[in-house]
Amino acid sequence: MPNLEVLKLYNNAFEGPKWEPTSGEFCKLKFLLLQELDLVQWTADHTPFPSLERLILRQCFKLEEIPCSIGYITTLRIIDLDDASTCAVNWAKQIQEEQENWGNDSLKVHFFHQFWLFRLKKEVQLDQQLKFLQRKEVEAKICGSNDDTQLLEAIALFSSMLIVDKISWTKELASRTVLRLFEFLDRDDNPQLQHQAALAITSISNYSSDAINILIDHGTTSIFVSLLSSPKDDLLQQALEVLGNFASDSAKSRDLVLSYGVLTPLLSQFNDKAKLSIMRKATRTLSKLCLQEPPPQFEQVKFALRPLAYLIHTGDKQVLICACSALLVLTDRVKDTIQVLIDAGVFTHLVELILYPSPLLLISALCIVRNIISEVDDIQIQVIIDKGALPSLLNLLTQNYTNSVKKVTCYIISSIIGRTKDHIEVLIEAGNISPLLKLLQNADHFVQEEACRVFLAISEGTNEQIKFLVNEGCIKPFCDLIVSPNQVIIITYSLLFLENIMKVGEAEKNQDNTEDMNVFAWMIKDAGGVQIIKNLQTHDDPKIRRIVKKLLATYWQEEDYNDEDDDEEDSDAKPNIPS
């Protein structure tokens with residue numbers, strides 16, 4: 001089993017409704033087909049197929065549970081659903097959406113025949129009218145009854161209908177019900193009724209944007225902001241969830257929640273005595289206040305920055321993910337937040353999170369580091385180097401992570417070594433050169449661009465460091481990179497890198513009286529680089545043409561070069577290199 005790469009399971013392949021593969025059982029499986037099975041629960045607490053590339057679910061109508069960890073498989077490229085269950089369809093859509101949010105657009109989800117879903121839809125339509133009548137009856141009891149026992153039953157049923165049935169309800173009925181539920185929130189003499197009323201309002205806020213607007217129009221925001229100060233945990237948790245739903249519905253409703261001063265009672269939940277369940281919900285709500293597009297203004301969220309910085313030091317995965325998601329949006333789109341976070345000491349701990357086993361948390365932490373690394377001082381850069389940041393980044397380059405992770409990693413490395421030449425030596429000693437060369441040869445062009453930035457930064461180092469690059473075999477990969485005429489940035493970086501190498505070769509030649517030869521220039525010629533560079537003399541980009549002309553004249557005496565345009569070339573041709 002550990003060496004199995006293709007597994008196809010057809011009808012009667014299972015005994016019983018549950019399948020829970022064990023860890024390490026299918027560590028090399030690439031292709032998995034489940035067809036016409038009575039499987040109901042497919043569970044796993046770990047990543048069951050770490051090498052899976054294609055998953056096909058065909059006519060598995062009863063399937064109700066699928067391991068969420070499958071969405072974390074970095075090798076997964078295709079999910080095919082052929083006449084699958086509603087659960088499978090919703091699961092696949094969620095996985096695809098999460099992958100896109102992480103910057104991974106390589107996962108493709110295909111939906112084929114859905115005859116079973118069509119039949120199910122017709123059955124649902126047949127009983128919708130009956131359920132709507134039941135809804136009206138329940139709402140009538142809530143609005144008209146004064147019997148607490150009957151009210152408890154009616155409110156619980158109402159919440160259940162909202163969650164399960166998802167049937168449309170009229171604004172008039174909704175308005176009367178909401179106002180009645182507000183009355184029950186004040187029933188301190190009946191905590192059960194208070195709790196059920198809060199749950200019902202939470203269910204409404206989970207229902208739809210129209211339902212949220214009805215709640216907002218009836219003053220729910222101010223009521224639930226005040227509930228954040230409630231001593232009752234159940235009311236506090238419902239208030240956190242409702243306000244979080246408002247914030248995530250639209251930027252308008254988010255700004256409304258912020259305008260009611262939600263941050264003061266919300267941030268008070270982050271203390272040493274807070275229960276973990278409250279911390280998780282409070283962090284999730286705080287995150288939602290930051291995630292909606294367009295992002296909030298700095299003045300609206302500045303008081304939340306230090307609490308967010310505090311939260312990334314907690315050990316709870318859910319809290320970490322929510323806190324990092326919020327920080328990522330803020331550092332990406334609200335630039336004034338960066339210095340506040342740096343002052344709060346968040347930078348060095350974020351670097352430690354880049355090896356966290358959760359892909360979502362890893363990517364968030366990595367992108368936050370990318371956003372703020374250019375703003376930190378050399379002392380902080382040295383601190384993360386001393387803590388082993390470069391070996392950690394090397395792990396991201398060598399392991400089976402997505403191209404987006406490798407791209408951001410290369411950017412961070414180039415930003416680090418662009419500070420001083422001392423950092424270049426640390427990079428070399430950490431063993432990063434070999435995996436970077438592999439990226440030049442095998443990765444997509446976006447990753448190649450960032451890898452080129454790293455090598456260009458290294459080529460600003462000492463002669464010994466540049467000779468080390470040559471000995472590692474960097475000349476041929478860079479010659480190969482300048483073949484494609486469409487990759488303007490890669491070509492520009494590559495030409496400048498080769499020029500820096502040849503400058504060292506020229507210096508070595510002048511120091512050596514035995515040979516009048518630039519060894520590195522000849523190595524480029526032996527790799528076919530000179531002819532490739534000649535072909536770029538007619539490139540559409542004038543910057544590239546000027547660099548090519550200078551190289552050919554200076555190192556291969558192909559033609560005279562007029563150095564009067566050097567200043568123009570330096571300003572126009574040289575890309576923005578980390579300094």
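The values are calculated or read from the model by the stated rules, or taken from the named source; none is laboratory data. Note that the coordinates shown come from a computational prediction; the quantities given were computed from them, not determined experimentally. All Cβ positions, even for glycine, are placed from backbone atoms using ideal geometry, and neighbour counts span all protein chains on display. Just the protein is used for accessible areas: all its heavy atoms, side chains included, with ligands, DNA and RNA removed. Shrake-Rupley method; radii C 1.70, N 1.55, O 1.52, S 1.80 Å.
Keeping all protein chains in place, calculate the accessible area per residue for the range 265-346 (probe 1.4 angstrom), answer in Å².
43
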Worksheet entry | Nearest-20 debye value, the chain charge dipole, Cβ charges on Lys, Arg, Asp, Glu | 1860
Practice prompt. Check cross-link reach from Lys302 to the lysines: straight Cα distance under 22 Å, and skip same-chain residues fewer than eight apart.
Written response: Lys252, Lys281, Lys288, Lys335
Worksheet item: Measuring with a 1.4 Å probe in the full set of protein chains, what accessible area per residue, in whole Å², belongs to the range 21-100?
Response: 41
Practice prompt. Would you list the membrane-span-like helices of the chain, meaning whole DSSP H runs whose alpha-carbon atoms span at least 27 Å along their axis and whose mean Kyte-Doolittle value is at least 1.0?
Written response: none
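Tell me the mean residue ellipticity at 222 nm calculated for the chain from its helices only (DSSP H runs of n ≥ 4, each -39500 (n - 2.57), averaged over every residue, nearest 500).
-19000 deg cm²/dmol
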Item to complete: Please report, to two decimal places, log10 I(q)/I(0) for the chain at q = 0.05, 0.09 Å⁻¹ as given by the Debye formula with identical point scatterers on the Cα atoms and no solvent.
Response: -0.32, -0.88
Discussion item. What lysines does Lys509 reach when the alpha-carbon gap must be under 17 Å and sequence neighbours fewer than 8 apart in one chain are set aside?
Written reply: Lys467, Lys525
Item to complete: Take the solvent-accessible surface of the protein heavy atoms, probe 1.4 Å, and return the percent of it on the chain that carbon and sulfur atoms account for.
Response: 48
Practice prompt. List the lysines whose Cα lies under 24 Å from the Cα of Lys18, skipping any in the same chain that are fewer than 8 positions away.
Written response: Lys8, Lys28, Lys30, Lys62, Lys93
Response to the item:
In debye to the nearest 20, the charge dipole size for the range 316-384, taken about the Cα centre with +1 at each Lys and Arg Cβ and -1 at each Asp and Glu Cβ, equals 280
Discussion item. Charges on Cβ only, +1 for Lys and Arg, -1 for Asp and Glu, centred on the Cα centroid of the range 240-320; of Thr283, Phe246, Phe298, which one is farthest towards the dipole's positive end?
Written reply: Thr283
Worksheet entry | Val109 long-range amide H proximity, modeled H, under 5 Å | Ile79
Discussion item. If the only charges are +1 at each Lys and Arg Cβ and -1 at each Asp and Glu Cβ, what is the size of the charge dipole of the range 290-418 around the Cα centre, to the nearest 20 debye?
Written reply: 340
Fill in: Ranked order, His195, His313 - accessible area, probe 1.4 Å, largest first
His313, His195
Worksheet item: Counting Lys and Arg as +1 and Asp and Glu as -1, what is the net charge of the other residues whose Cβ lies under 14 Å from the Cβ of Lys438?
Response: -2
